[in-house]
Amino acid sequence: MLTYISRRALYSIPVILIATFLSFWAVRSTFDPTAKVRVSRTGARAAEQIRVRLHLHDSIFEQYGYWLGDAVQGDLGDSERTHEAVGTMMTRAFGNTLQLIGWGVLISALIAVALGVYSATHQYSKLDYTFTGLSFVGLAMPAFWFGLIAIQWLAVWPKETFNLNDPIFYSVGLHSGDQSGMFNLDYVRHLVLPVLTLTVLTIAEWSRFQRASMLDVMSADYIRTARAKGVPRRSVVIRHGLRNALIPLVTVVALDVGALFGGAIITESIFSIDGMGRLFIDSINAGDVQVLTAWVVVTAVFIVAFNLLADVLYGVLDPRIRLS
Amino acid sequence: MTATAIEEPTLAGNAEPVALTQWQLFRRRFFKHKVAVVSVVILILFTIACFAAPLIAPFSNTDQDLLLGAVKPNATHWFGTDTLGRDQLTRLLYAGQISLKIGFAVALIATVFGTAVGAIAGYFGRSVEQALMRFTDLFLVVPALAILAIALKHFGRTDTVVILVLATLFWMYVARVVRGQVLSLKEKEFIEAARASGASRTRIIVRHVIPNIIGPIMVNATLAVAAAIITESTLSFLGLGIQPPDTSWGNMLSDAEGFTGTGQSYLLYAPGLAILLTVLCVNFIGDGLRDAFDPQSEKH
């Protein structure tokens with residue numbers, strides 16, 4: 001087991017290095033860190049200072065080396081937009097985005113498994129057709145549009161129709177002005193709409209996947225054996241069926257966590273949440289090189305880490321993979 | 001297929017067994033998938049409507065009517081007008097040109113390129129395969145939406161650039177599928193026979209391998225169309241894609257975002273439904289193609 005994990009982990013190292021280098025190169029070749037100071041009167045000298053500080057006279061490989069050297073020591077530079085340390089900004093933004101993604105993954109997985117198992121055990125029933133139809137709509141739905149419609153119908157409409165002081169579900173931020181913390185009603189009321197927006201696609205995708213995987217397992221010989229020797233239906237479905245049908249889904253979920261970062265960009269932009277997505281959009285619009293560099297590199301590492309996790313989990317849950 | 005060939009003579013009594021070509025079998029199975037057939041019709045009508053916009057649109061694309069301002073959907077303006085007095089139906093049709101063009105062009109480029117990479121990797125194997133597949137792995141771990149946004153900033157946000165950039169991020173899915181198919185196909189006897197009779201590698205790949213995996217390739221192409229339309233609209237919605245005065249459905253929704261919860265919230269619906277309907281049709285067509293190319297998949 002340990003060899004399996006360490007082999008996978010070792011394999012991720014070059015992937016991380018190359019993927020982060022490509023991301024770094026994309027940012028550095030697109031944005032000019034000296035663009036802002038050059039227009040001022042003392043521009044030439046200030047620009048030169050920046051060039052020296054960021055090693056812009058060296059090749060892109062050396063620039064990456066210097067950046068990486070600082071980064072592993074926890075120095076990601078300062079933002080040109082807010083003059084704050086990039087590390088601090090990233091930590092704050094990452095915390096908010098992780099809340100969104102965490103709740104999103106948890107809720108999508110629970111709903112998707114429930115729908116998938118029901119559909120598979122009641123194949124071709126009316127509800128199965130309904131769920132399948134809805135998943136087609138979910139897959140075709142642009143997430144950002146769903147978010148706007150959700151604000152219109154779940155936040156604005158009830159407030160206006162019933163003359164409420166506050167909307168039932170808020171559509172801005174994660175907390176009201178004077179509130180904080182994660183275990184109160186205010187937080188939940190802020191979280192419902194963004195999480196819903198983030199999960200439409202994943203619920204649709206994962207429930208279809210779970211249905212197919214469950215149908216596969218339920219037609220296996222050992223299920224027939226279990227039925228034949230009189231194991232109760234509930235136990236066949238859950239202990240023999242579901243436990244095996246969950247294995248492929250676990251991998252898909254781990255792989256999709258990276259994709260949820262893309263979803264977070266959209267969700268945070270619509271619901272004005274101060275997370276990684278907002279940080280990215282603000283930085284790309286302002287041409288904030290240091291933040292963008294750190295952003296793409298950290299995200300790439302995050303995605304590779306979850307790909308690694310998917311591999312490892314697959315090996316843990318299914319010994320046949322590990323031994324081959 | 002063998003089942004039909006055996007059963008048919010007995011069913012038809014003493015009549016001659018009817019031989020069907022692959023294409024006929026394919027068509028027969030596709031037409032059985034009613035939803036897919038309806039989707040094809042809707043998508044074709046939709047495409048024609050968008051590209052015939054100069055002829056059929058009720059107003060000119062550049063018409064503004066500032067005195068009129070925003071009016072709700074009515075008999076003259078079926079989808080209403082925005083605050084500049086622009087007819088939404090007209091804008092929708094013109095925006096559709098860009099959205100559809102990007103969707104289909106991206107799918108075409110990504111499919112052709114991905115098929116080439118996948119077929120070469122799968123057929124030649126060894127180091128070529130290793131190199132190409134590690135390369136595709138890399139594209140799978142970079143944060144796609146972010147890299148897209150940066151690339152568009154770099155190369156300019158015109159529709160040609162959007163098409164090329166999206167295609168470079170979508171080809172590896174096709175490449176992976178094609179490689180897997182080619183790996184299992186290249187050990188088959190008919191490939192061996194072609195090789196033995198002296199066919200060149202290019203000829204084997206183009207004439208013998210690709211025609212046999214056209215099914216999965218087409219299904220993946222439909223997925224690419226859907227993904228491209230949604231990704232483009234997302235980028236344009238965030239202001240990082242197509243730039244005004246060019247307009248796609250994503251831009252229209254970006255304009256409409258500010259009217260959420262106001263009297264002009266009707267502006268939200270038409271562009272979103274246009275995206276939803278188009279992508280839904282494309283996905284259903286993909287579903288129909290999958291059933292038609294691979295009769296075994298109907299079981300689930």
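The values are calculated or read from the model by the stated rules, or taken from the named source; none is laboratory data. As the structure is a computational prediction, the values presented were derived from the model and not from experiment. Here the Cβ is made from the backbone with ideal geometry for all residues, glycine too, and neighbour counts use every protein chain on show. Remember, those area values only see protein heavy atoms, side chains included, never the ligands or the DNA or RNA. Shrake-Rupley method; radii C 1.70, N 1.55, O 1.52, S 1.80 Å.
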task: Keeping all protein chains in place, calculate the accessible area per residue for chain B (probe 1.4 angstrom), answer in Å².
output: 49 Å²
Qualifying GluC sites (Glu not before Pro) in the stretch B:158-234, DSSP loop, other Cβ atoms within 10 Å at most 10: B:GLU187
field: Angle between chain B longest axis and helix B:88-124 axis [Cα atoms, degrees, rounded to 10]
entry: 30 degrees
field: Percent carbon-and-sulfur accessible area, the stretch A:278-324, ignoring ligands, DNA and RNA, probe 1.4 Å
entry: 64 percent
task: Have a look at A:THR293, B:ALA194, B:PHE79 and report the one farthest towards the positive end of the charge dipole of the protein assembly as shown, computed about the Cα centre with Cβ charges (Lys/Arg +1, Asp/Glu -1).
output: B:ALA194
task: Report the calculated FRET efficiency for A:HIS83 and A:ARG227 (r = Cβ-Cβ distance, R0 = 60 Å), to the nearest 0.05.
output: 0.35
message: How high is the relative contact order of chain A? Use alpha-carbon pairs under 8 Å, at least six apart in sequence, and give a whole percent.
response: 28 percent
- request: Using Cα positions and a limit of under 15 Å, work out the aspartates and glutamates in reach of B:LYS101, with same-chain residues fewer than 8 apart set aside.
  value: B:ASP159, B:GLU232, B:ASP246
field: Listing of the stretch B:277-293 residues, each with accessible area lower by at least 10 Å² in the full protein assembly than in the chain alone (probe 1.4 Å)
entry: B:VAL279, B:LEU280, B:ASN283, B:PHE284, B:ASP287
Computed [θ] at 222 nm, deg cm²/dmol, chain B (DSSP H ≥ 4; -39,500 (n - 2.57); rounded to nearest 500): -22500 deg cm²/dmol
statement: Taking protein heavy atoms only, a 1.4 Å probe, and rounding to whole percent, the accessible area of the stretch A:55-148 owed to carbon and sulfur comes out at 67 percent
Stretchable slack from B:LEU20 to B:THR160, in nm (0.36 nm times residue separation minus alpha-carbon distance): 46.2 nm
message: Quick test of the membrane-span-like rule: which DSSP H helices of chain A reach at least 20 Å along their long axis (C-alpha atoms) with mean Kyte hydropathy at least 0.5?
response: A:2-30, A:86-121, A:126-140, A:185-218, A:243-271, A:289-317
message: Below 24 Å, Cα to Cα, which lysines can A:LYS126 reach? Residues fewer than 8 away in the same chain don't count.
response: B:LYS32, B:LYS34, B:LYS299
field: Chain pair B, A: total accessible area buried, heavy atoms, 1.4 Å probe, Å²
entry: 3600 Å²
field: 1.4 Å probe, heavy atoms, protein only - residues of the stretch A:248-271 losing at least 10 Å² accessible area vs chain alone
entry: A:GLY262, A:ILE265, A:ILE266, A:SER269, A:ILE270
- request: Just tell me how shielded A:144-156 is by partners: mean number of partner chain Cβ atoms within 10 Å of each residue's Cβ, no decimals.
  value: 5
statement: Per its Cα gyration tensor (rounded if a/c is under 1.5, else prolate when a/b beats b/c, else oblate), chain A is best filed as oblate
query: Given Cα pairs under 8 Å that are at least 6 residues apart, what percent is the relative contact order of the stretch A:39-172?
result: 7 percent
task: Sum -39500 (n - 2.57) across every DSSP H segment of at least 4 residues in chain A, then divide by the residue count to get the 222 nm mean residue ellipticity, nearest 500.
output: -24500 deg cm²/dmol
statement: Using alpha-carbon positions, the gyration tensor of the protein assembly as shown gives root eigenvalues a ≥ b ≥ c; with a/c under 1.5 called rounded, otherwise prolate if a/b exceeds b/c, else oblate, the class is rounded
message: Quick check for you: with a 1.4 Å probe and neighbouring chains kept, what is the accessible area per residue of the stretch A:144-231, in Å²?
response: 52 Å²
message: Can you tell me the length gained on complete extension of the stretch A:VAL52 to A:SER125, counting 0.36 nm per residue apart and subtracting the Cα distance?
response: 19.5 nm
statement: For chain B, longest principal axis from Cα atoms; helix B:269-293 axis from its Cα atoms; angle between them, nearest 10 degrees, is 10 degrees
- request: Anything losing 20 Å² or more of accessible area from the isolated chain to the full protein assembly: pick those residues out of the stretch A:117-142, probe 1.4 Å, ligands and DNA/RNA ignored.
  value: A:TYR124, A:PHE136, A:VAL137, A:LEU139, A:ALA140, A:PRO142
message: Using a 1.4 Å probe on the protein heavy atoms, what percent of the accessible area of chain B belongs to carbon and sulfur?
response: 64 percent
query: How much of A:TRP157 can a 1.4 Å solvent probe reach, expressed as accessible area in Å² and rounded to 10?
result: 110 Å²
statement: Regression test value, accessible area per residue of the stretch A:239-279, probe 1.4 Å, units Å², expected 31 Å²
- request: Could you go through the stretch B:28-40 in sequence order and give the Karplus-derived ³J(HN,Hα) for each residue, using 6.51 cos²θ - 1.76 cosθ + 1.60 with θ = phi - 60°, rounded to whole Hz, and x for Gly and Pro?
  value: 4, 5, 5, 5, 6, 7, 4, 4, 5, 5, 4, 4, 4
statement: the stretch A:23-87 and the stretch B:199-234 have their Cα centres apart by a whole-number Å value of 42 Å
message: Sequence gap at least 6, Cα distance under 8 Å: using those rules, report the relative contact order of the stretch A:263-324 to the nearest whole percent.
response: 16 percent
